[in-house]
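The values are calculated or read from the model by the stated rules, or taken from the named source; none is laboratory data. Just so you know, these numbers come straight off a predicted model, no measurement behind them. Note that we place each Cβ from the backbone using ideal geometry, even for glycine, and neighbour counts take in every protein chain shown.
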Amino acid sequence: MSTMNVAALQLPLGGDIDTNIARVSELVREAAGKGAKIILPPELFEGPYFCQVQHERFFAMAKPVAEHKSVLAMQALAAELKVYIPTSFFEADGPHYYNTLAMIDDSGKVMGTYRKSHIPDGPGYTEKFYFRPGNTGFKVWPTKYGTVGVGVCWDQWYPETARAMMLMGADVLFFPTAIGDEPAAEELDTSRLWRRAMIGHAVSNVVPVVAANRIGSEDAMSFYGHSFITDERGDFVAEFGTAETGVLTAEIDLDRVRKHRAAFGFFRDRRPELYGRLTQDI
């Protein structure tokens, strides 16, 4: 049987970078101790979610991939524990800035980077002030346990993200996230919508999904957690609520997943010749 042992981390991240790295590292160790081999921390765990406001001082947090504290710390931890860690960080590349993910393998090497493709711009989520749209295209990475596809936060709302990574060979989809209140619509609880969007990816692609979100209050916003792992039918196999700090784990039977995917016929019955409108920006 071909299996992939995965984990999602959930925790508050209102501290400074060293404090947050220490908290994430503790949970990575816990996940590894439970047998997880691919361990997902939340988006931009290096600090509070600074995109609530627009201020030039936050650009100083960005570093190149080879210099960023979050990446360096997870590289050392991955090598020690022999695990893979998709690591979200604020990247500086010359005069350009990106919301980037470094895929770190179980020897501690960076396999490559993915730059977030879809950049939101709304009350409380003013990411376009800080990040250029990603220029890497979607990415998947082969591991010893299967191929993983990783989208970052706002990417997860787009069915095209999930389908593209599936067509590239992903066995499991991972989504690190920072999401909570909607400052312009306080009565709106998007946690249900957020989960349903990714459950839809699981169902329509017959693929397990792993999502990791932060919790707690940071300035004017509260982050709602609800991290989860689904199976290939979109059923929860592990989930948190709004307040738990900890680790979710699951063992995924990839042979079963592939059998179910083939039986559903979604990829057999695709009609790419009819989808040209999807690539027309008109």
So which of A36, A31 ends up being within 23 Å of S227 (Cα to Cα) and assigned to a helix (DSSP H, G or I)? A31
So how many residues does segment 92-112 have that are in contact (Cβ under 8 Å) with a residue 12 or more places away in the chain and either of a type in the set (D, E, K, R) or farther than 18 Å from W141 by Cα (or both)? 9
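Okay, residues lined up against (1) out of contact with any Ser or Thr (no Cβ under 8 Å at 6 or more places or on another chain); (2) surrounded by 23 or more Cβ atoms within 10 Å (Cβ to Cβ); (3) modelled with pLDDT under 95:
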| site | (1), (2), (3) |
| --- | --- |
| F129 | yes, no, no |
| G149 | yes, yes, no |
| V152 | no, yes, no |
| A185 | yes, no, yes |
| A197 | yes, no, no |
So, first residue buried (at least 20 other Cβ atoms within 10 Å of the Cβ) in segment 61-85, second residue of a type in the set (K, R), Cβ within less than 6 Å, six or more apart or across chains; the pairs are V83/K37
Unmet requirement for G265, which otherwise passes all of (1) farther than 23 Å from P86 by Cα; (2) within 21 Å of the chain's Cα centre (by Cα): (2)
Any hit, segment 165-177, residues being at pLDDT 95 or above, surrounded by 19 or more Cβ atoms within 10 Å (Cβ to Cβ) and of a type in the set (G, A, S): yes
Tell me which strands (runs of 3 or more DSSP E) are completely within segment 193-258 and hold 3 or more residues being β-branched (V, I, T), or say none if there are none. 246-253
Do you know which of the residues in segment 90-113 that are hydrophobic (A, V, I, L, M, F, W, C) and either closer than 26 Å to F129 by Cβ or in contact with an Asp or Glu (Cβ under 9 Å, 6 or more places away or on another chain) (or both) is surrounded by the fewest Cβ atoms within 10 Å (Cβ to Cβ)? M111
State whether the residues of segment 223-232 include one that is at pLDDT 95 or above, charged (D, E, K, R) and at negative phi. yes
